[in-house]
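Asker: Following this message is one structure expressed as structure tokens.
Every read-out reported here was derived from the displayed coordinates using simple, explicitly stated rules and does not represent laboratory data. All values reported here derive from a predicted model rather than from experimental measurement. Please note: Cβ atoms are built from the backbone with ideal geometry, for glycine as well, and neighbour counts cover all protein chains shown.
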Amino acid sequence: MSGVVASTERAGIAKSAVLRRLPLLLVGAAFLGVLLAMPHTGPLFAWAFPGTIPPVYDRGSFVALAASHLAIVGIAVGAATFCGGAAAIVVTRSWGASAAPPVQLITSVGQSFPPAAVLAVLVPMVGFGAVPTVLALFAYGLLPITENMEAGLRAVPAPVKEAAAAMGFSAWRTLLLVELPLAWPQAFSGILTAIVVSLGTATIGSTVGALTLGTPIIDGLVTNKPGFVLQGALPLAMLAVLKELAFARPRR
Amino acid sequence: MIELRHLVKTYGDVAVVRDVSLSAPEAAVTVLLGPPGSGKSTILRMINRLIPADSGSVWIDDEDTAAIHPEALRRRIGYVIQGVGLFPHWNVARNIATVPALLGWPRKRIAARVEQLLDMVNLPPDRFAEKRPSELSGGQAQRVGIARALAADPSLLLMDEPFSALDPVTRRDLQQAFRRIQRDTGKTVVFVTHDLEEALLLGDQVALLRDGKLIQHGPPLQLLEHPADDFVADYFGGAAAGLRRLTLLSAASRAVPGEAGGARLPAQASLHDALEAMLSRGTESVALEGGGVVTLKALLA
């Protein structure tokens with residue numbers, strides 16, 4: 001009996017999960033549609049902005065721009081998660097507490113400079129392209145990721161850690177099976193923050209030659225083609241909506 | 001049997017355990033009793049090497065624990081703490097299965113063991129196995145904590161104030177449940193508490209500590225009747241010592257042949273229970289199940 005109740009309940013939960021995700025799926029599909037359709041909008045933009053040749057940005061497919069945009073964010077946030085996560089683990093070990101001040105210094109310096117300024121400083125050092133953008137986003141994402149991971153690890157109750165040790169868990173096993181799973185929700189919120197910030201900020205990477213959805217905008221601004229600006233702005237705006245739908249926390 | 005030999009632990013300038021030697025007999029409950037800061041918890045943690053001893057040694061069944069890998073040692077020793085420390089992200093069944101899983105038991109054996117243990121601590125498996133620790137009351141959580149400690153059937157159980165955070169009624173329930181389980185399973189237990197009543201109720205042996213030193217140890221009645229010094233006498237209740245003593249003496253031991261009115265007391269009732277019955281009934285004798293009566297005169301003797 002209780003099994004039946006539980007399974008219908010579970011089906012109900014699954015159904016409401018799909019319903020809740022519906023706007024995300026629709027906007028996601030629309031986003032993909034816009035990317036794929038953009039090359040075929042030549043007549044429309046030729047009519048709206050006569051004299052612009054070509055009427056639609058054509059130095060790369062929009063799908064490739066979006067993929068590059070997401071890859072830049074993914075690599076930067078992935079690297080920040082790896083480094084920030086490792087740093088948070090080290091400073092929460094009994095033997096690593098002395099590493100806390102330098103870690104805090106590095107992460108806060110990383111965030112105290114706006115990414116645009118970091119880009120300007122990095123270009124002379126590493127050249128144009130995706131690399132300075134990835135580095136700038138990495139530096140910016142370190143702080144929220146490290147801080148949240150550290151807070152999550154420190155919030156693991158002492159009796160839980162003591163019980164793990166007393167039952168014969170090695171320090172590694174305690175970390176992997178107990179501390180990380182318990183710290184994960186908090187750590188994940190830090191990673192989300194980094195993703196959300198990076199998705200928007202990656203756009204300015206186009207000023208130094210990174211291929212992102214901002215590239216048509218920069219190109220349009222430089223060459224005075226308002227159609228290009230629109231063609232970049234539309235998918236970017238949709239990406240912002242997608243981001244909100246995907247990561248927005250339910251309001252209490 | 002566990003033997004502590006000349007254990008010493010110092011933090012900075014503070015000696016928290018000073019040359020403590022003690023043996024905890026097989027299949028009995030040895031209570032480490034003392035005020036906060038007397039070193040009792042530190043001693044407990046030195047037994048499973050959560051805290052390394054500065055000097056001295058702990059022997060379990062004639063084996064020096066210093067020679068056993070700490071993780072292997074701990075898997076052989078059950079451990080229950082005041083904060084329970086259930087893993088909040090695992091359900092009750094998986095919490096209980098922790099050590100058997102570490103030891104690589106087959107899945108079926110683990111499942112059967114979990115069910116058996118839940119029955120033992122009076123939590124119906126069909127209602128509790130899937131629950132999360134956050135869905136349990138304090139008493140239920142500690143029952144799970146005890147089941148988890150017993151999971152791999154260790155011969156030795158360490159308990160650090162396991163019932164202190166519970167309300168009095170729940171505490172009494174768990175104390176009785178624990179005593180029953182201990183008698184049924186024959187575990188050797190080292191039990192830390194600052195609560196004298198608990199020590200008298202549960203302890204076969206009581207070791208009284210102060211400032212890291214072992215002051216006196218022996219059966220509770222011995223400490224009550226022959227305190228080694230004023231500290232022991234004070235700790236054991238001063239003026240209330242007489243009443244406490246009655247809780248440790250069985251009514252049957254003073255029974256004489258005869259008959260008395262009113263309901264019979266259970267055969268394992270204490271003299272304290274007998275006195276209580278006389279007071280509430282306004283009589284000078286009560287009958288016991290299995291024959292005999294306890295009279296006020298015999299009680300006072």
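Asker: Could you compute the FRET efficiency for A:Ala100 and A:Ala79, with r as their C-beta to C-beta distance and R0 at 25 Å, rounded to 0.05?
Answerer: Efficiency, rounded to the nearest 0.05: 0.75.
Asker: Could you list B:His194, A:His69, B:His69 in order of exposure, starting from the residue whose Cβ has the fewest other Cβ atoms within 10 Å?
Answerer: On the way: B:His194 18, A:His69 26, B:His69 10.
Least to most surrounded, the residues fall as B:His69, B:His194, A:His69.
Asker: Same structure, new question: How many percent of the alpha carbon pairs in chain B exceed a separation of 35 Å?
Answerer: In whole percent, the long-distance tail amounts to 27.
Asker: For the stretch B:201-301, restrict the atom set to alpha-carbon positions and state the Rg and Dmax in Å.
Answerer: 15.8, 51
Asker: B:Val192's amide H: which non-local residues (gap 5+, or another chain) put their own amide H closer than 5 Å, with H modeled 1.01 Å from N in plane and none for Pro or chain starts?
Answerer: Amide H to amide H, under 5 Å and 5 or more residues apart or across chains, B:Val192 pairs with B:Leu32, B:Met159, B:Asp160, B:Glu161.
Asker: Give a residue-ordered list of calculated ³J(HN,Hα) values for the stretch B:84-95 (Karplus: 6.51 cos²θ - 1.76 cosθ + 1.60, θ = phi - 60°; whole Hz; x for Gly, Pro).
Answerer: Per residue, the Karplus-derived 3J(HN,Hα) values read 6, x, 5, 6, x, 8, 10, 6, 4, 4, 6, 4 Hz.
Asker: Return the whole-Å distance between the Cα centroid of the stretch B:236-301 and the Cα centroid of the stretch B:1-40.
Answerer: A separation of 36 Å, based on Cα centres.
Asker: Need one value for B:79-89: mean number of C-beta atoms belonging to other chains within 10 Å of its residues' C-beta atoms. List each step's numbers first, then the result.
Answerer: Details: counts 6, 2, 5, 1, 6, 4, 12, 4, 9, 6, 7.
Other-chain Cβ atoms within 10 Å of each residue's Cβ, averaged: 6.
Asker: I would also like to ask the following. Give me the distance in nm between label points sitting 7 Å out from Cα along the Cα-to-Cβ direction at B:Lys213 and B:Arg172, one decimal.
Answerer: Spacing of the two 7 Å Cα→Cβ label points: 3.8 nm.
Asker: Same structure again: Consider a paramagnetic label point 7 Å from the Cα of B:Ala15 along Cα→Cβ; state which residues of the stretch B:34-71 have an amide N under 17 Å from it.
Answerer: Zone members listed by number: B:37-40, B:42-43, B:53-57.
Asker: Taking other Cβ within 10 Å of each residue's Cβ, how do B:Thr42, A:Thr212 sort, fewest first?
Answerer: B:Thr42, A:Thr212
Asker: May I pose another question? Please compute, for the alpha-carbon atoms of the stretch A:2-247, the extent along each of the three principal axes and give them in descending order in Å.
Answerer: Principal extents (Cα only, largest first): 76, 59, 21 Å.
Asker: Sum up the lysine pairs in the protein assembly as shown that clear both bars: alpha-carbon distance under 24 Å and a spacing of 8 or more or different chains.
Answerer: Total qualifying Lys-Lys pairs in the protein assembly as shown comes to 10.
Asker: So, with +1 on the Cβ of K and R and -1 on the Cβ of D and E, and no other charges, what is the size of the charge dipole of the protein assembly as shown about its Cα centre, to the nearest 20 debye?
Answerer: 1680
Asker: Further question on the same structure: Have a look at the DSSP beta bridges in the protein assembly as shown and tell me what percent are antiparallel, nearest 5.
Answerer: Working: 24 of 44 bridges.
If we restrict to bridges inside the protein assembly as shown, about 55 percent are antiparallel.
Asker: Over the Cα atoms of the stretch B:249-300, how large are the radius of gyration and the largest Cα-Cα distance (Dmax), in Å?
Answerer: In order Rg, Dmax, the Cα atoms of the stretch B:249-300 give 9.0, 23 Å.
Asker: Which number do you get for Rg(Cα) / (2.2 N^0.38 Å) in the stretch B:14-128? Could you put the intermediate results ahead of the total?
Answerer: Details: Rg = 17.0 Å, N = 115, 2.2 N^0.38 = 13.4 Å.
Compactness ratio reported: 1.27.
Asker: Springs between alpha-carbon atoms under 10 Å, Gaussian network over chain B: tell me which of B:Gly258, B:Gly34, B:Gly212 tops the mean-square fluctuations.
Answerer: In the Gaussian network model the winner is B:Gly258.
Asker: Related question: Quick one: grab the alpha carbon gyration tensor of the stretch A:12-114, order the square roots of its eigenvalues as a ≥ b ≥ c, and give me rounded if a/c is under 1.5, else prolate or oblate depending on whether a/b is larger than b/c.
Answerer: Here the stretch A:12-114 falls in the oblate category.
Asker: At a 10 Å Cβ-Cβ cut-off, how would you order A:Val77, A:Val18, fewest neighbours first?
Answerer: Placing the least packed residue first, the sequence is A:Val18, A:Val77.
Asker: Please work out, to two decimal places, the log10 of the ratio I(q)/I(0) at q = 0.07, 0.09, 0.10, 0.12 Å⁻¹ from a Debye calculation in which every Cα of the protein assembly as shown carries one identical scatterer.
Answerer: -0.63, -0.85, -0.95, -1.16
Asker: Taking each residue in A:157-164, count the Cβ atoms of any other chain within 10 Å of its Cβ, then average. What number comes out?
Answerer: Numbers: counts 6, 3, 8, 8, 1, 7, 13, 4.
Counting other chains' Cβ atoms within 10 Å and averaging over A:157-164 gives 6.
Asker: May I ask you to derive the FRET efficiency for A:Leu26 and B:Ser137 from their Cβ-Cβ distance with R0 = 41 Å, giving the value to the nearest 0.05? Each step should come with its number before you reach the end.
Answerer: Details: r = 45 Å, r/R0 = 1.10.
Once the sixth-power term is evaluated, E becomes 0.35.
Asker: To continue, here is another question. Treat each spin label as a single point 7 Å out from the Cα along the C-beta direction, and report the A:Phe128 to A:Glu244 distance in nm.
Answerer: 3.4
Asker: Per the Kirkwood formula on distinct C-alpha pairs, the Rh of the stretch A:195-246 is how many angstrom?
Answerer: Result for the stretch A:195-246 stands at 11.1 Å.
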